[in-house]
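Before any comments, here is the structure.
The values are calculated or read from the model by the stated rules, or taken from the named source; none is laboratory data. Just so you know, these numbers come straight off a predicted model, no measurement behind them. Positions of Cβ are generated from backbone atoms using ideal geometry, with glycine treated the same way; all protein chains shown enter the neighbour counts. We work out accessible area using only protein heavy atoms, side chains counted, and drop any ligands, DNA or RNA first. Shrake-Rupley method; radii C 1.70, N 1.55, O 1.52, S 1.80 Å.
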Amino acid sequence: MAPSAFVAAGLVCLTPVASPGLALGLGIGLALSVGNPWPTAIKRSTKALLQVSVVLLGFGMDLSSVLASARQGFLLAAATILLTFALGALMRRALRLTRSIATLLSAGTAICGGSAIAAVGLAIAAGEAEISVALGTVFLLNGVALYLFPPLGHWLGLTQVQFGTWSGIAIHDLSSVVGAASAYGQIALQTATAVKLSRTLWIMPVALIAGLSVPRRVTGPGGASPRRVSVPWFVGLFLLASLTSTFFPAVHRAAPMLQGAARTGMTLTLLMIGSGLSAASLRRVGIRPMVHGLTLWLVISVVSLGALLWLGAHGR
């Protein structure tokens, strides 16, 4: 029953009626009811599909707008990242969490969710259980943000640019950022994607600093095993796609079709992400890491929203 149910859900996600929220809900429902029939294959293909979809989104974005978003948001990004790590360190002591888990949760909140957790986890040689706890916490908060942010944005009267910027800063994973922003509007989607991708560029320096500051475990008979920090190569391909669309009219004319494929791919990605949830992963999260992650997320959301509203009120 599980394979046929999953295939049926995938077909629904290919139709125009599918939405990011529906796809995530279907995935979670299948995972908790009939189970994921192909957990290994889906886990491997989810990351690839997400990255391909992001690159396809680049064909519909002007390169100058992408670079402007990155330049304008640099100081805000630096401030929120520093604030998140500082607050995360203080809360670690209050909640008596290990330094590794607190660092992973701070990185996932400050930069880009699962990608940052994976990269920083490699840099500090975190254990699989610690990475699973951090990923589970971020996963749950991502699901909440996907449903919560669009109605909140409308209630607050945010413009599409404001909402896209807020989503790119305050929502952890790129998949949920794109899902929430696409429900708000095309300009919000473009803004959110540019902002979030500009934040992924912080993965490398943050992972390197974390690797130097967090004590590493000794693994294996020969001591610490060599670790390699993953490079977010798809960010470069996204910029290349945007550059191609900006300067080649034929590619620009095909942009709507490519963006449609990107949105479909992102919807399928959310279905796959939802299907990765299990009762066991929920139990692994625990209350203290969830309090840590939830507090960081609320603070980064409120601070970034306040900054955006203040800048909007002062015409900046």
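Points worth noting:
- Qualifying residue in the stretch 182-196 (condition: in contact (Cβ under 8 Å) with a residue 12 or more places away in the chain, touching a Cys at 6+ places or on another chain (Cβ under 7 Å) and open to solvent by 10 Å² or more (accessible area, probe 1.4 Å)): no
- Of all residues making up the stretch 101-139, the number that are polar (S, T, N, Q) and open to solvent by 10 Å² or more (accessible area, probe 1.4 Å): 3
- Being aliphatic (A, V, I, L, M) and touching an Asp or Glu at 6+ places or on another chain (Cβ under 9 Å) is a description that does not apply to ILE287.
- Failed condition for THR219, given (1) in a loop (DSSP other than H, G, I, E, B); (2) at pLDDT 85 or above; (3) not small (Gly, Ala, Ser): (2)
- VAL206 being crowded, with 18+ Cβ neighbours inside 10 Å and at pLDDT below 80: no
- Residue that is farthest from VAL206 (Cα to Cα) [pool: residues in the stretch 83-140 that are at pLDDT below 90, β-branched (Val, Ile, Thr) and within 14 Å of the chain's Cα centre (by Cα)]: THR137
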